[in-house]
1. Please list the non-local residues whose amide H lies under 5 Å from the amide H of Phe81, H modeled 1.01 Å from N, same-chain partners needing a gap of 5 or more.
2. With a 10 Å cut-off between alpha carbons and a GNM built on the chain, which of Phe51, Phe165, Phe136 moves the most?
3. Amide H neighbours of Ser11 under 5 Å, counting only residues 5+ apart in sequence or on other chains, H built in-plane at 1.01 Å?
4. How large is the direction-averaged shadow of the alpha-carbon convex hull of the stretch 126-235, in nm²?
5. Springs between alpha-carbon atoms under 10 Å, Gaussian network over the chain: tell me which of Gln90, Gln108, Gln27 tops the mean-square fluctuations.
6. Sequence gap at least 6, Cα distance under 8 Å: using those rules, report the relative contact order of the stretch 156-204 to the nearest whole percent.
7. Modelled label-to-label distance, Asp150 and Tyr129, 7 Å Cα→beta-carbon offset: nm?
8. Run the simple label-point estimate for Asp169 and Ala101 please: 7 Å along Cα→C-beta, distance reported in nm.
Amino acid sequence: MKFGVVVFPGSNCDKDMIYVLRNIMEQEVVELWHKDSDLQGVDVVVLPGGFSYGDYLRSGALARFSPIMEKVIEFAHNGGFVFGVCNGFQILCEAGLLPGALLHNNSQKFICKNVHIVPDSKITPLTAYLPREMAFKIPIAHGEGRYYADKDTLAEMRMNGQIMFRYSDEDGNISEQVNPNGAVENIAGISNRGMNVFGMMPHPERAADDELGNTDGRLMFESMLKFICERIKVA
């Protein structure tokens, strides 16, 4: 499978993502510069974390207008797979490829720590093949990670199985006390209705290497690969 990792001015998690996809998951990976207009025939586009354009205006607001995003949006509308992490998730929401928005953390502070998340939907790329009844320890590092959507949108997302992850404690219990940023309904990641565009605030690429002592994130990449392979095979 061929992955394209988009690099914006201010991206700082692109090398981490490339390393995991290429060295840990053993996939073909190309770097896509934000001014490129050719996706180079990739099967999956990945928007990594960082501070694209210095987070001016809002996180992801300027990156959404990078030249390559026109091709990414077209790719997504044609059924191509697009995965955004942290700043990448913010960009997908700004581009209208995912519903809702990412707002400032309710603490008004940047948060960098390990959190636990539990799968909500069983039909999204990152959760379809995850072990059930398990809380995954994944790092977060963001200042604008508070997911928000209106009640009607949330109801539709629940009905369609679009909510990928919710913040929890290490035992998988969901509560306001373990919500790190004030996200509505403890939401940590979502998918679109077609299950081909998906994003999350926690960084699975920072929990995928044995050297780090935590490989919970690797299970999410394995699920994504299996999900996409099955989709491509059916198509």
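1. Amide H neighbours of Phe81: Val45.
2. Ranking Phe51, Phe165, Phe136 by mean-square fluctuation puts Phe51 first.
3. Amide H neighbours of Ser11, under 5 Å, 5+ apart: Phe51, Tyr53.
4. Result: 7.7 nm².
5. Gln108
6. For the stretch 156-204, the relative contact order is 35 percent.
7. 3.8
8. Placing both labels 7 Å along Cα→Cβ, they lie 3.3 nm apart.
Readers should treat all values here as calculations from the given coordinates under stated rules, not as data from a laboratory. What you are looking at is a predicted structure, and each value in this text was computed from that prediction instead of being measured. For neighbour counting, all protein chains shown are included, and Cβ atoms are generated from backbone atoms with ideal geometry for every residue, glycine included.
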